[in-house]
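Q: Here it is, the structure, as structure tokens.
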Amino acid sequence: MADASSFNSAAYGGSGWSQRTARHDQEVGSLWRGGIDSEWRQLRTVLLCRPGSEIAVNDFNAAQQLEALDLARAQDEHDQLSEAYRNAGVEVLTTPAVEAPTPNRMFCADLFVMTPQGAILARPASTVRAGEEVATAQALAAARVPLLRTLTGSATFEGADLIWLDAGNAIIGRGLRTNQAAIEQIQQLCRDIGINLTAVDMPYGTMHLMGMMRIADRDLAIAWPRRTPHAAVTLLRDKGFRVEFLPDVDAAQANRALNFVTLGPGKILMPGGNDLTRNWYEDLGIEVIETPMFELRKAAGAVGCLTGVVERDMG
């Protein structure tokens, strides 16, 4: 207990006390780092997790992969992905090692999503991926990224289900990976920071909203025909986006052509080997950089899924 002589000291609010007056959002960029309010502005920082022996499983279906992976080839492709980002001037953060790595932890986009003021940690829906968010939290905290929310109760959420439309609006997919309990918690957080979050229902047999639609520029969205939720296309158009639909869904499905990351306005990093779709993107005025994903795509993901977006320029 303080004695009388300490009554007016700075520690107890007396002379010399200095009140913190800056809001949290004003401290992002100085005390804290990270944040996005779009899917298309200049990309600055990403989080990646290089795959290890955990991806070489005996039962690839039980591990939620599509085919068996060759470890050396997968690692080489991931190294080329990292190099592609660095060549584009993007800082690459890495997820720390853990004692018992799970086979899908390399898919960083699923494990968190950024807001203008910090990260929302995922709570993956599958038991195969349960707990992957712990190492993600460690990586983000070590990089001075504020963690705004950890989901509680029965909520399940994966970051690839949330897409930013503009600084005040985002869209979230409700389906296999993200449930209503998570949406309600994320909507409350969004309201607290002045963001409107619209939920749309995902078609049965799909994984993430990221696999239905991507944003390549300020006013250009790419969508999957007959699979993108009607409400999502309507909302995109209401927000001033031109929505273009993939011309060859068979090729896009085989090689994950929609699974790209936007590096900046009208510039994307996409999986190699998608010549038809690449030419179509370029006809839309998009600048394309390719990186090989022939092995990694066997795990049911590609560039977008592997990339946790930590920071973009904000408007």
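The values are calculated or read from the model by the stated rules, or taken from the named source; none is laboratory data. What you see is a predicted model; the values in this text were computed from it and never measured. Reconstructed Cβ throughout: ideal geometry from the backbone, glycine too, with neighbour counts over all protein chains shown. The accessibility values were calculated without ligands, DNA or RNA, using every heavy atom of the protein model including side chains. Shrake-Rupley method; radii C 1.70, N 1.55, O 1.52, S 1.80 Å.
Q: Could you compute how fast region 11-55 diffuses translationally, taking Rh as the Kirkwood radius over C-alpha pairs and applying Stokes-Einstein at 20 °C with viscosity 1.002 mPa s? Give it in µm² per second.
A: 142
Q: Something else now. Determine the distance separating the Cα centre of region 1-63 from the Cα centre of region 251-281; give it in Å without decimals.
A: Cα centroid of region 1-63 versus Cα centroid of region 251-281: 33 Å apart.
Q: Still on this structure, I have one more. Compute the Kirkwood hydrodynamic radius of region 194-300, taking the inverse of the mean of 1/r over all pairs of distinct Cα atoms, and give it in Å to one decimal.
A: Taking every pair of different Cα atoms in region 194-300, averaging 1/r and inverting gives 14.4 Å.
Q: With charges set only on the Cβ (+1 for Lys and Arg, -1 for Asp and Glu), what does the dipole of the chain come to about its Cα centre, in debye to the nearest 20?
A: Dipole magnitude for the chain comes out near 620 debye.
Q: Under the √(5λ) rule applied to the eigenvalues of the Cα gyration tensor, what semi-axes describe the equivalent ellipsoid of region 252-315? Give them in Å, descending.
A: Semi-axes from the Cα gyration tensor: 19, 17, 7 Å.
Q: I've got another one for you. Give me Rg over Rh for the chain, both radii from the alpha carbons and Rh done the Kirkwood way, two decimal places.
A: 1.02
Q: Please give the Cα centre distance for region 288-315 versus region 124-142, rounded to the nearest Å.
A: Value for the Cα centre distance between the two parts: 18 Å.
Q: Counting only Cα, what are the radius of gyration and maximum Cα-Cα distance Dmax of region 58-153, in Å?
A: Every Cα atom of region 58-153 included, Rg and Dmax give 14.7, 42 Å.
Q: Based on the Cα gyration tensor of region 54-112, what are the three equivalent ellipsoid semi-axes, each the root of five times an eigenvalue, rounded to whole Å and given largest first?
A: Largest first, region 54-112 gives 23, 14, 10 Å.
Q: Where the convex hull is taken over the Cα atoms of region 1-92, what is its projected area averaged over directions, in nm²?
A: Averaging across all directions leaves 12.7 nm² for the Cα convex hull.
Q: Non-local amide H neighbours of Phe112 (under 5 Å, H modeled in plane, Pro and chain starts lacking H): which ones?
A: When sequence neighbours closer than 5 places are left aside, the close amide H contacts are Ala122, Gly159.
Q: Still on this structure: Would you calculate the convex hull of the Cα atoms in region 215-271 and tell me its volume per residue in Å³?
A: 71
Q: Compactness ratio of region 74-222: Cα Rg over 2.2 N^0.38 Å, N = residue count?
A: Normalised Rg, Cα atoms only: 1.05.
Q: Keeping all protein chains in the complex and leaving out DNA, RNA and ligands, what accessible area do you get for Phe112 with a 1.4 Å probe, in Å² to the nearest 10?
A: 10
Q: OK, next. Put Trp280, Trp32, Trp17, Trp164 in order of accessible area, largest first, 1.4 Å probe: what do you get?
A: Trp17, Trp32, Trp280, Trp164
Q: Kirkwood hydrodynamic radius of region 166-241 from all distinct Cα pairs, in Å?
A: Value: 13.0 Å, from the Cα pair sum.
Q: About its Cα centre, what dipole magnitude does region 262-304 give when the only charges are +1 on Lys and Arg Cβ and -1 on Asp and Glu Cβ, stated in debye to the nearest 20?
A: In debye, rounded to 20, region 262-304 gives about 200.
Q: Right, another one. Calculate the spin-label point distance for Val98 paired with Ser9, positioning each point 7 Å from the Cα along the beta-carbon direction, and give it in nanometres.
A: 4.4
Q: Here is a follow-up. Using Cα-Cα distances under 8 Å and only pairs 6 or more residues apart, what relative contact order does the chain have, in percent?
A: 24
Q: In Å², what does the accessible area per residue of the chain work out to with a 1.4 Å probe?
A: 44
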